[in-house]
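Just below is one structure, and these are the notes that go with it.
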Amino acid sequence: MAKRDWSAIEGLEQQRLDTLFAADPERVSLLSLDVAGIHFDWSKTHLTAEAIDAFVRLAGDSGLADKRDALFAGETVNVTESRAAEHTAERGEGAPDSVARAQGFHARMRALIDAIEAEALGPVRHILHVGIGGSALGPDLLVDALGRDSDRYDVAIVSNVDGVALEEAFARFDPQATLLVVASKTFTTTETMLNANSAISWMRHGGVADPYGKVVALTASPDKAVEWGVDETRVLPFSESVGGRYSLWSSIGFPAALGLGWDVFEEMLEGAAEMDRHFRFGDFGANAPVLAAFADLYYTQARGCETRAVFAYDERLRLLPDYLQQLEMESNGKGVTAEGEPLDRPSAPITWGGVGTDAQHAVFQLLHQGTHLVPVEFVAVTEPGDALNPDHHRQLLLNAFAQGAALMKGRENDDAARAYSGDRPSSTLLLDTLDPRTLGALIAFYEHRVFVSAVLLGINPFDQFGVELGKEMAKAAGAAAEGGELDFDASTNDLIKRAFG
Ligand code: F6P
């Protein structure tokens, strides 16, 4: 990889936010955009016209335009695994063959949903979805955000191998009215397969004569699902070139499509496609995912920020920070470039966050007065999700806006313990309303933002080799716990002995 020259970014004059606002009455319009029902405001970040120009030049040197085209054309952008990354094709934006294949898989999913709704599998009231990581976080976010008023099905998304998680679902559900959905791209993930087997036993003990007859598999490895026991007609495949953390648009979105209705799922795809087109065809200087990535990179590369925090000021989006942790950290938490050379600069920041206003009373102390500079992102929705006294939603939004203002403004005080330095950056994403379209657009925005950061850093965002070692060692630990050789370090050997004798 040709070495990127970050000197223009690192050399940017560091001005306080209040100085930037005072110097430019047009700052808010310069640094805001409206796309797909979402208002983006980066004016309270330290981005300036000069910084954006420098980043646009760096994007040019990094080949961002060509790489963006390659992504949508279904070329091999995941170079370490020699495959494309075709999540946009699921939304109808990609190479014609890939779009056609995705639509074929969607049609199959829809037909099965119609059949389930027509009770072809018997009465179904509960959907028990087992999957982990990208095979759980997306569906969970969708169902939690959009399904609160839905009375179609009860949905439980169980990911943890801790049986406590599965037992909670068993306690809620009637085995005879449960559809078991096993979601795993590889169909080999230990946690998911153990949960799936336990769910089968629970159904059998609950009087279901043929539990496998009530299973739907969501996978890119259909043969393995059939081998495990699922009838081919209830295997919903998706393409190998759709990465796990980018897969909620594929059959992995099945619990949302069944639980919320096909129309909802389709609208979500359309919202995402609108963001795809904005990203694909928009100039870098007026492109939401690109500008957001520039802000992210400014803070990690020029200001040494190690984390970024996302606060959903909307209960319906409470799972968004968890979802983004996988998307951002599994994609861009890498120490080498796509060519395998050591990365000579920080990779992705640590993504963390929570829900406002709760977080204000728990972690905002550090954001206002701690020694770490943490860029904060507020995600809020103009239209309320509740029908209570309008004060609830007014308070929610006013708090989000006030926190951004307070972080930036700060306050002097002779007593240092009571002083706020201010000049702490934040961005705000304000959705007009929370519906399938805006949520689809929001998630697609984050995907493309990750991609842009990866291109400028020279990282491959589509592999995740860093998760493998722990999986292998867990298997070896399992063998040791069953009487095999204990040849870990002394601490790990001791822990295994204590727990398993
Ligand atoms: O361990 C990481 C990971 O491979 C993720 O990338 C993926 O989303 C998750 O595990 C689940 O994998 P699968 O869908 O194959 O079960």
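In this structure, the amide hydrogen of Gly74, modeled 1.01 Å from its nitrogen in the peptide plane, lies closer than 5 angstrom to those of Ala95, counting only residues at least 5 positions away or on a different chain.
On alpha-carbon atoms, Rg over Rh for the range 105-193 using Kirkwood Rh? Please list the in-between numbers first.
Working: Rg = 13.3 Å, Rh = 13.9 Å.
So for the range 105-193, dividing Rg by the Kirkwood Rh gives 0.95.
Given bins 10 angstrom wide, list per bin the percent of all Cα-Cα distances in the range 38-127, short to long. Distribution as computed: 14, 23, 24, 22, 11, 6, 0 percent. For the range 270-280, 3J(HN,Hα) computed residue by residue from phi via the Karplus equation (6.51, -1.76, 1.60; θ = phi - 60°) reads 5, x, 5, 5, 5, 5, 4, 5, 4, 5, 5 Hz, glycine and proline entered as x. Distance from the Cα centroid of the range 128-183 to that of the range 4-38 is 42 Å (rounded to whole angstrom). Across the chain, the longest piece that holds none of the GluC sites (Glu not before Pro) lying in DSSP loops with up to 13 other C-beta atoms within 10 Å covers 120-305. Each of Leu30 and Arg204 was given a label point 7 Å from its Cα along the Cα-to-Cβ line. The distance between the two points is 6.8 nm.
For Leu236, the amide hydrogen comes within under 5 Å of the amide hydrogens of Ala217, Leu218, Thr219, counting only partners 5 or more places away or on other chains and with H modelled in the peptide plane. If one computes P(r) from the Cα atoms of the chain, what percent of pairs lie at distances over 46 Å? That fraction is 14 percent. 3J(HN,Hα) along the range 197-213, derived from phi through the Karplus expression 6.51 cos²θ - 1.76 cosθ + 1.60 where θ = phi - 60°, amounts to 5, 5, 5, 4, 4, 4, 5, 4, 5, x, x, 8, 5, 10, x, 5, x Hz, with x in place of Gly and Pro.
Placing unit charges on the Cβ atoms only, positive for Lys and Arg and negative for Asp and Glu, gives the range 39-190 a dipole magnitude near 200 debye about its Cα centre. The convex hull of the Cα atoms of the range 290-419, projected and averaged over all directions, covers 9.9 nm². Pairwise Cα distances in the range 12-86 exceed 16 Å in 65 percent of cases. Hey, can you grab everything whose amide H is under 5 Å from the amide H of Val155? Only 5+ residues off in sequence or another chain; H modelled, so Pro and N-termini drop out. So Val155 has HN proximity to Ile127.
Hey, could you grab the Kirkwood Rh for the range 247-331? Inverse mean 1/r over distinct alpha carbon pairs, Å, one decimal. All intermediate terms of the calculation are to be shown ahead of the outcome.
Numbers: mean 1/r = 0.0653 Å⁻¹.
Result for the range 247-331, one decimal place: 15.3 Å.
Remark: relative contact order (the range 225-362) = 20 percent; criterion is Cα-Cα distance under 8 angstrom and separation of 6 or more residues.
Mind checking the alpha-carbon convex hull of the range 95-260 and giving the volume per residue in Å³?
On the way: hull volume 17.2 nm³, N = 166.
Expressed per residue, the convex hull around the Cα atoms of the range 95-260 is 104 Å³.
Every read-out reported here was derived from the displayed coordinates using simple, explicitly stated rules and does not represent laboratory data. These numbers were taken from a predicted model, which means no experiment stands behind them. Virtual Cβ from ideal backbone geometry, glycine too; neighbours counted across all protein chains shown.
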